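Beneath this line is the structure, given in structure tokens, with notes to follow.
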């Protein structure tokens, strides 16, 4: 955990978050600025900067994917989008890898 990482603090329970699912390796919580009726962020508990770095941590990557699936089940989503932004130019604003699980309404393409 990094002392200045918002998502590490949420995973550790130091900052409140609306937890949807958690296990030993991953935590899922509601986005504070949702873009759809369901907008949940899934993170590894381990501080991992981005998707490129997550590829070096197979157990954490698998845990994030399994948590995405579990969030979709919990939220009753048959259709949903999963987004992982890597780098500021792609929209990553918190540099702790996180998968957005977005659903509950029709989603157009491209997302823009």
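Bear in mind these aren't lab numbers, they're just calculated from the coordinates by the rules spelled out. All values derive from a computational prediction rather than experimental measurement. Cβ: placed from backbone, ideal geometry, glycine included. Neighbour counts: every protein chain shown.
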Filter the range 46-67 down to the residues that are touching a strand residue (DSSP E or B) at 6+ places or on another chain (Cβ under 6 Å) and touching a residue at least 40 places away in the same chain (Cβ under 8 Å), then identify the one that is nearest to residue 101 (Cα to Cα). 67
Kindly list, by first and then second residue, each pair from a residue in the range 69-98 that is within 20 Å of residue 26 (Cα to Cα) to a residue that is exposed (fewer than 13 other Cβ atoms within 10 Å of the Cβ), limited to pairs with Cβ atoms under 7 Å and residues at least 6 apart or on different chains. 85/91; 86/52
From the list 23, 33, which residue is out of contact with any strand residue (DSSP E or B) (no Cβ under 6 Å at 6 or more places or on another chain) and closer than 26 Å to residue 107 by Cα? 33
